[in-house]
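Colleague: Got a structure for you, questions after.
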Amino acid sequence: MFWQSAYASTVGLPQSSTIAPTVDILYDFLVYLSVFFLILVTVVMVYFTVKYHRSKTGRETAYIVGSHTLETIWTVVPLVLMLFVFAWGLKGYREMRAPMKDPVEINIIGRQWLWNIEYTNGRKTLNELVLPKGKPVRLIMTSEDVLHSFFIPNFRIKQDVVPGRFTTLSFIATQPGVHIVFCAEYCGTAHSDMLAKAVVVEPEEFDEWTRTGKLPAHVNLNQIIGAVGAPTSVAAATGNGSSQPSQTPAERGKALAASKGCIACHSDNGTRMVGPSYKGIFGKKEEMADGTMVTVDENYIRKSLMDPNAQIVKGYTPSMPPFAGLLKDEEVNDLIAYIKSLK
Ligand code: HEC
Ligand SMILES: [Cu+2]
């Protein structure tokens, strides 16, 4: 029956990440609250319809001008309820957004209509996100063309993927197996085929996979957990993860820094040149020429490359040429990985 699948696909999904129960409890509360008021309003309405029916003789409609008490009640009660739900939602949101300790970082580039995924050792996959069970993971995502949205229903996480900047998702997956990933932002004709699989394995199996590209034998990529009504042709093009990476993104970034001429102005060993050294800048708080403080993160570096004069590091002249249009998204990711590696 349609209502059974509707139920299963909204409230009956497996809870496969640490945040999933937090999201579900609030969702259930909203559903039960709505049902409570639906019943309350319906019962009162039906009761009044019968009680004050026109056929009842000997009654004259009273002239009622209003009631401040009633109006106050039906304003204040929903207000309090809404604020309560807001505070509860905010708490969950902040939990989701809090930075995690030593996450496994994974770069994702969305494009019409697939997901390119790359790990810090250079292993690349198409539409196949392999994850270690019970370990913090941080996805660093961007889009090459239009807006996409990375959505793993079983994990209860969803984030827009935006061209020209990075957005991130942090989570801990708890259930081994294969989970479906949807693009949740309409992005053109093949949007509904923009599917991927999140494959959760034990941490040792994950390490093995990042080294060799071999998933453990017990993983069946066609057995998707809790995918009610999901298309059977999910991401047919999964799994080119078996090709051995020849270089890590950081190594490619180092080569790029040379070939794109960055080394003329930037050192990797802390020496000040025309521009600041890359060494140890990632994650640092820096002062800009206008006195504002910024934290060097992925978005800041991207901005520094594309539009260097938007934010000038204090003590330097704005002499860096803009690289907008000269660097591909992959190259920006590689340069960031390189700068990150210079601790
Ligand atoms: C002509 C010299 C020059 C070249 C070439 C150059 N930069 Fe810069 N870069 C600078 C200067 C000067 C600054 C500091 C002023 C500013 O913030 O724009 C800077 C700032 C930066 C910052 C911010 C550093 C910080 O401490 O906040 C990053 C990141 C950066 N450059 C990366 C690069 C990369 C990557 C390339 C090559 C693709 C590159 N730069 C090429 C001169 C250069
Ligand atoms: Cu999409």
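The values are calculated or read from the model by the stated rules, or taken from the named source; none is laboratory data. These numbers come from a predicted model, not from an experiment. In this analysis, Cβ positions are derived from the backbone assuming ideal geometry, glycine residues included, and neighbour counts consider all displayed protein chains. Protein only, heavy atoms only, side chains kept; ligands, DNA and RNA dropped before computing areas. Shrake-Rupley method; radii C 1.70, N 1.55, O 1.52, S 1.80 Å.
Colleague: Identify the residue in the stretch 172-186 that is within 14 Å of ligand 2 (Cβ to nearest atom) and buried (at least 21 other Cβ atoms within 10 Å of the Cβ) and, among all such residues, is farthest from ALA217 (Cα to Cα). Let's see the steps before the verdict.
Modeller: Kept after step one, since they are within 14 Å of ligand 2 (Cβ to nearest atom), are these residues of the stretch 172-186: 181-186.
Among the residues that remain, those that are also buried (at least 21 other Cβ atoms within 10 Å of the Cβ) are: 181, 183.
Details: VAL181: 22, CYS183: 28 Å.
Per the criteria, the residue is CYS183.
Colleague: Same structure again: Residues in the stretch 171-190: is at least one closer than 25 Å to GLY283 by Cα, assigned to a loop (DSSP other than H, G, I, E, B) and outside the structural domain of GLN15 (by TED's automatic domain parsing)?
Modeller: Checked against the condition, which is being closer than 25 Å to GLY283 by Cα, assigned to a loop (DSSP other than H, G, I, E, B) and outside the structural domain of GLN15 (by TED's automatic domain parsing), the stretch 171-190 yields no hits at all.
Colleague: Which of (1) within 12 Å of ligand 2 (Cβ to nearest atom); (2) more than 22 Å from ASP24 (Cα to Cα); (3) open to solvent by 10 Å² or more (accessible area, probe 1.4 Å); (4) out of contact with any helix residue (DSSP H, G or I) (no Cβ under 7 Å at 6 or more places or on another chain) is the odd one out, the single condition ALA196 does not satisfy?
Modeller: It is condition (3) that ALA196 fails.
Colleague: Sticking with this one: Do we find that GLY325 is open to solvent by 50 Å² or more (accessible area, probe 1.4 Å) and either more than 8 Å from ligand 1 (Cβ to nearest atom) or in a strand (DSSP E or B) (or both) in this structure?
Modeller: Working: open to solvent by 50 Å² or more (accessible area, probe 1.4 Å): yes; either more than 8 Å from ligand 1 (Cβ to nearest atom) or in a strand (DSSP E or B) (or both): yes.
Yes: the conditions hold for GLY325.
Colleague: On the given criteria, is GLU105 within 16 Å of ALA20 (Cα to Cα), in contact with a helix residue (DSSP H, G or I) (Cβ under 9 Å, 6 or more places away or on another chain) and away from ligand 2 (no atom under 16 Å from the Cβ)? Walk me through how you get there before you give the answer.
Modeller: Working: within 16 Å of ALA20 (Cα to Cα): no; in contact with a helix residue (DSSP H, G or I) (Cβ under 9 Å, 6 or more places away or on another chain): yes; away from ligand 2 (no atom under 16 Å from the Cβ): yes.
Taking the combined requirement at face value, the residue does not satisfy it.
Colleague: While we're here: Tally up the residues in the stretch 83-107 that are among the aliphatic types (A, V, I, L, M) and under 13 Å from the mean Cα position of the chain (by Cα), please. Please lay out each step first, then the result.
Modeller: Here is the first cut: in the stretch 83-107, the residues among the aliphatic types (A, V, I, L, M) are 83, 85, 87, 90, 96, 98, 100, 104, 106.
This time we only want the ones that are under 13 Å from the mean Cα position of the chain (by Cα), so: 96, 98, 106.
The number of residues fulfilling the criteria is 3.
Colleague: Okay, moving on. From the list GLY315, GLY291, GLY283, which one is under 18 Å from ILE339 (Cβ atoms) and away from ligand 2 (no atom under 16 Å from the Cβ)?
Modeller: Values: GLY315 fails: under 18 Å from ILE339 (Cβ atoms); GLY291 fails: under 18 Å from ILE339 (Cβ atoms).
From the options GLY315, GLY291, GLY283, the qualifying one is GLY283.
Colleague: Follow-up question, since we're still on this one. Would you mind stating whether THR189 is crowded, with 17+ Cβ neighbours inside 10 Å and either within 23 Å of GLU298 (Cα to Cα) or within 14 Å of ligand 2 (Cβ to nearest atom) (or both)? Spell out how you get there, then give the answer.
Modeller: Details: crowded, with 17+ Cβ neighbours inside 10 Å: no; either within 23 Å of GLU298 (Cα to Cα) or within 14 Å of ligand 2 (Cβ to nearest atom) (or both): yes.
Judged against the criteria, THR189 is not a match.
Colleague: Taking strands (runs of 3 or more DSSP E) that fall entirely within the stretch 64-157, which contain at least 3 residues that are surrounded by 14 or more Cβ atoms within 10 Å (Cβ to Cβ) and of a type in the set (Ser, Thr, Tyr)? Please lay out each step first, then the result.
Modeller: Values: elements: 104-111, 114-119, 124-126, 128-132, 136-143, 148-152.
The strands (runs of 3 or more DSSP E) meeting that bar number zero.
Colleague: Continuing with this model, one more query. Do we have any residue at all in the stretch 292-303 that's part of a helix (DSSP H, G or I), open to solvent by less than 70 Å² (accessible area, probe 1.4 Å), farther than 14 Å from ILE281 by Cβ and of a type in the set (Val, Ile, Thr)?
Modeller: No - not one qualifying residue is present in the stretch 292-303.
Colleague: Can you report the number of residues in the stretch 139-189 which are of a type in the set (Lys, Arg) and more than 15 Å from LEU129 (Cβ to Cβ)?
Modeller: At the first step, the residues of the stretch 139-189 found to be of a type in the set (Lys, Arg) are 156, 158, 165.
Subset that is more than 15 Å from LEU129 (Cβ to Cβ): 156, 165.
Of the residues in the stretch 139-189, 2 are of a type in the set (Lys, Arg) and more than 15 Å from LEU129 (Cβ to Cβ).
Colleague: Determine the pairs where a residue that is basic (Lys, Arg), located within the stretch 299-326, has a partner that is surrounded by 11 or more Cβ atoms within 10 Å (Cβ to Cβ) with Cβ atoms under 7 Å apart, the partner being 6 or more residues away or on another chain.
Modeller: Partner pairs satisfying both residue conditions: ARG302/ARG165; ARG302/PHE166; ARG302/VAL332; LYS303/ALA310; LYS303/GLN311; LYS314/GLU287; LYS314/MET288; LYS314/ALA289.
Colleague: Can you work out which of the residues in the stretch 274-291 that are touching a helix residue (DSSP H, G or I) at 6+ places or on another chain (Cβ under 8 Å) and open to solvent by 40 Å² or more (accessible area, probe 1.4 Å) is farthest from ligand 1 (Cβ to nearest atom)?
Modeller: PHE282
Colleague: Take LEU13 and tell me if it is modelled with pLDDT of 90 or more and of a type outside the set (Phe, Trp, Tyr). Even if it seems obvious, please write down each step before you answer.
Modeller: On the way: modelled with pLDDT of 90 or more: no; of a type outside the set (Phe, Trp, Tyr): yes.
In short, no.
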